[in-house]
Every structure is written in C-alpha cells, then in structure tokens.
Amino acid sequence: MKVRTRFAPSPTGHVHIGNMRAAIYNWLFARHHGGEFLLRVEDTDRERSTPEAIRTLLAAMEWLGLDFDGEALYQSTRQAAHVAAAETLLAKGHAYKEDKGGTGQGECIVFKMPGTDVSFEDGIKGTLSKAADDMQDFVIVRSNGTPVFHLANVLDDIEQRVTHVIRGDDHVENTYRHIALYQALGADVPQFAHLPMIVNAQGKPYSKRDGDAFVGDFREKGFLPEALFNYLALLGWSPGDDREVMAREEMVAAFDLARCQSSPAQVDLRKLTWMNGEYMLKLPVEEFESICFGALDQAGIGAEPEYARRVFALVRERVKTVADVVPMVACFFTEDFGFDEKAVAKKLQKEGVAGILGQVGELLRVLPAFDAADIDQALHRFVEQSGLGFGAVMPPMRIAVSGQQSGPDLAPILAVLGRERVLARIDRAVERFLV
RNA sequence: GACCCCUUCGUCUAGUGGCCUAGGACUCCAGGUUUUCAUCCUGGCAACACGGGUUCGAAACCCGUAGGGGUCGCCA
C-alpha cells in the first residue's frame, strides 16, 4: 500500500515551529517511502483562517521546500460530509443526542465510546493503551450544527486515505478517541506516531512570548531554509551515525520513525547558527552574492554591483546568518557606519594611537599602488621598523576605518575601500576620538 | 487531582545486555596557524536522575522514588 502522510495545520497567520517540524517529519517519511505528502488546511475557524493566513502558511511551506502532492484539501468545504457521517453514526447507535451540560443551547451529537480498552502501536513511542474507564464520550457535532475537530479530522484523513498520521505528542490522548471513531465508521485505522514536543531554551513549551516560535521569525533572523530544515529534522531524529550536516536526499534516504526520540528536545540557537554558517559556506558564489544584494536592498543601501561583489567576497567565510551581512559590510557602502563603542574605548582611545594612525596614514598616502598585497607589505614593514607590534597597529586601524574590531583581513579592507576613503576615515577617527 | 508519557555531557544525540575507561556535534576553555579579529588545526572540561532488583555481566531489562511533560472543552 502506498504511504500517504499529511500536514493538517489550521492557518492562524503564523506557522509554529513545532508544527513545521511535524510537517518536515511527515514529508521526510513520505518521500523516504516513495509515498505522498498531502496538505489539508483546517480552516474551520473562519475568524482566523483568512486568505492572508493561508498565504502565510503556503509561503512557509514553500520556503522550506515542503512540496505537497495533489491539491490541498480545505476542511471548510467538507462540512456537509462531516455532518452526514455524524447522522450515520447516530443511526447506527454509535452516537446520541444530548444537551450536554444542560446549557440550554440545544442538543449536540455525542460520540459513544465503545466501552472497551483501546491500545495501539505508536511508531515512535511503542505500545500505548488506555482503560475504558478513563475515556469519556465526546461531542462530534455542536448544537449549532458544526462538526468538531475530532470528527472532521478523522473523516478527512479517511477521505485523503492517509496511512500514517505523524503529529505532536499533544495528540496522544485524542488518538484513543480517533481510533474508536475509525472503527465505528468502519474505516481502516492508520498508523500513528507521536513526535515529542520541542521546547525553548528554558526547557518550557514554546509560547508566543518566546519570540522565536514561528517560522517567519527564523527567516527574519537570517537563517537559510535548508539549514533550518536540517536542524529541525535532527531535533528528535538522528540517522544513527555521526552525520549532521546532511543533504536533503541524504535525510530522505536515512529517515526512519523508529530512530526518532520519544523525549522532548530543546532548541539551541547556537547550534542552529553554526549549522547555518555551514550552509552559507556551501552556497554557490552567485547565490551568496544574490542573498547579499537582497539584504543590502532591504536595508536601503545602494550598491554598485562590481564593487559590491568584491566586498561580499571579503565577508564570505565569516558570515553565519544572512542577518550578519549588512552590519558586516555597511562600512563599505556608507560613511555613516556605526562604531563599536567598547572597541573604541579599549583599542582606539589609547596613548600614542593618534601618532600611529598618523604615521600609517602617511605611509598609505605615498604608497605607489594601493592594492592588498602592497598595503599588507607596507603595514608589515611599518610594524617591524617601528617595533610596535601588530596589536598596537592593526586593531586601531581596523576600528578607525570600519568601526569594528573584527572583520576581514585589514589589507584587503583598505584596498577595497580605496586610498581616499581610508585616509579620510583615519583623519576623522583621530578628530572624533583622539583629540 | 485523575489518566498517560518522558529522563545519557549545559544543549542535540550515539548506544537495542559484554565492543562503554560511555562515542560524535554545538557551546565553552587551552595551545597552534593567521605576527590583528574571525576561519582553520590540535587538545581539554563535561553525562547514564536516584534507589532497589534480574544477570557471570547493566546506560541498556523489571520494580519503586524523584523531577519534567501531555491530556482531562459544544478549541484545534
């Protein structure tokens, strides 16, 4: 039988990172088995399920490369079928009508649990079971005639012929009810697998206040989709060997639910950042450049392409996230770059620095060719002849021309900046910080 | 509170009874390369929650304890 998994989010305008990880696991599982990965939009909450929210959802999936098979099924189009199924359940004695809780709102349809213990083989957690006494009947159609999640979810999974339901741990309790529903409906019960939750740096469940709870947040922070995908895939799953940075096909080939963790995983932004850096490094040069141009553009910084490419080459190996780009290259495009105040205080505002900068400036002024090799040579000679040591010369120079104490090699920075700007910046730094 | 689930370095994990003096990765620290910063290289710190069993042998199996999590809606 062909494997079919699904991602069934309710569009709320944000895509929660935990949900997205569930989507990734469903996708990986389906692709591994040569099956289908389906999308079902559970848009029954008309208030929140706006076209805009649905667009956000689709965009997040596309960004992460989660392509789904066939057409997306919109749950809102299935209401009549859901209610009809509830009527059948009613007719067969699997459900009854009641004014539950005596609310006076009228009668709703309640599903009658079979009164037997339920157990199932979870793809990740093993055998799970629940005693009949611990399960209660539940509402499947509200008194206003609308179907409840449990009914709709199960019916749609049947409709989409889903074979494997891979979802968050928070659905374990629902599964017992859902299985009873499948059986009453006379449908095959799919395989279930429950993914452990992912928690924040404090070890607590993610909430909106954590900030980094949504896919969009990661995108804004400059993470690459492939890196996020890889990181999330490894949060709760491992291929069983020491591989970590893996190509997507590699993950597809190695994916196995049995190798998934059954305990919660904590997100570690530092490791994600490291992994993102690995992916940045792997990017083809043109792609890296285009990302840089995009970042510059967004920051409202204009750039002459050829010059910009020389700058990008300088920062290529040190950029960990897309968000690193602008702060790191800004000083190449504007005179209005910021100074790292700590660095200024510690390395620039020191006895004798004004004199050193003056001497280096003079040296550079008379340098015949202003290219990286010659500048480097001149700098070295100066350090040697003055007996000052590199630490006394390079850091102040770097801060004077770039505002930062770290960055690409100094000589190339100066070369790319050009003689005029370098000299002007040295003067300005002396005037501003050392007089 | 009831029911269910989980527990290996700070974090993500390997480990399916002897290969474990518990391996890898991130972070951190030290040294080296770069006579600056970063990169890179080498090394280091660091864990089987606890207590009982079972076994010739337990990180692995069983039972308890503690801690954490989930669920208990006419939400999804």
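The values are calculated or read from the model by the stated rules, or taken from the named source; none is laboratory data. Note that the coordinates shown come from a computational prediction; the quantities given were computed from them, not determined experimentally. Don't worry about glycine lacking a Cβ; one is built from the backbone with ideal geometry, like all the others, and counts go over all protein chains shown.
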Next on the checklist: Based on this model, can you work out whether residue A:237 counts as in contact with a Cys (Cβ under 8 Å, 6 or more places away or on another chain) and not β-branched (Val, Ile, Thr)?
Outcome noted: yes
Checklist outcome for this item: Taking the stretch A:162-183 and the residues there that are in contact with a Lys or Arg (Cβ under 6 Å, 6 or more places away or on another chain) and of a type outside the set (A, V, I, L, M, F, W, C), the one that is farthest from RNA strand B (Cβ to nearest atom) would be A:163
Next on the checklist: Given the criteria assigned to a loop (DSSP other than H, G, I, E, B) and near RNA strand B (Cβ under 10 Å from one of its atoms), does residue A:222 qualify?
Outcome noted: no
Checklist entry - Do we have residue A:426 as of a type in the set (Val, Ile, Thr) and more than 25 Å from residue A:308 (Cβ to Cβ) here? => result no
Item to check | Candidates A:198, A:166, filtered to the one that is more than 28 Å from residue A:277 (Cβ to Cβ) and among the hydrophobic types (A, V, I, L, M, F, W, C) | outcome: A:166
Checklist entry - Within the stretch A:197-211, is even one residue within 14 Å of RNA strand B (Cβ to nearest atom) and touching an Asp or Glu at 6+ places or on another chain (Cβ under 6 Å)? => result yes
Checklist entry - Is there a residue being loosely packed, with under 13 Cβ neighbours inside 10 Å, in contact (Cβ under 8 Å) with a residue 24 or more places away in the chain and within 30 Å of residue A:251 (Cβ to Cβ) anywhere in the stretch A:87-105? => result no
Checklist entry - Out of the stretch A:149-176, which residues are closer than 17 Å to residue A:85 by Cβ, surrounded by fewer than 20 Cβ atoms within 10 Å (Cβ to Cβ) and either touching a Cys at 6+ places or on another chain (Cβ under 7 Å) or not hydrophobic (A, V, I, L, M, F, W, C) (or both)? => result A:150, A:159, A:160, A:161
Checklist outcome for this item: Selection from the stretch A:111-140 of residues assigned to a strand (DSSP E or B), near RNA strand B (Cβ under 8 Å from one of its atoms) and of a type in the set (A, V, I, L, M) yields A:128, A:139
Checklist entry - From the list A:414, A:410, A:363, which one is farther than 23 Å from residue A:333 by Cβ and of a type outside the set (Phe, Trp, Tyr)? => result A:363
Checklist entry - Tell me, which helices (runs of 4 or more DSSP H) lie completely within the stretch A:350-435 with 1 or more residues that are more than 9 Å from RNA strand B (Cβ to nearest atom) and touching a Pro at 6+ places or on another chain (Cβ under 7 Å)? => result A:353-365, A:372-386
Next on the checklist: With the structure loaded, tell me whether residue A:168 is closer than 22 Å to residue A:29 by Cα and of a type in the set (Gly, Ala, Ser) or whether it fails that test.
Outcome noted: yes
Checklist entry - Scanning the stretch A:70-110 for residues that are within 11 Å of RNA strand B (Cβ to nearest atom) and among the small types (Gly, Ala, Ser), which turns out nearest to residue A:36 (Cα to Cα)? => result A:76
Checklist outcome for this item: Listed by first then second residue, the pairs whose first member lies in the stretch A:258-285 and is among the aliphatic types (A, V, I, L, M), whose partner is part of a loop (DSSP other than H, G, I, E, B) and near RNA strand B (Cβ under 6 Å from one of its atoms), with beta carbons under 7 Å and at least 6 positions apart or on separate chains, are A:265/A:235; A:265/A:236; A:267/A:235; A:281/A:317
Checklist entry - Can you find even one residue in the stretch A:192-206 that is of a type in the set (S, T, N, Q) and at pLDDT 95 or above? => result no
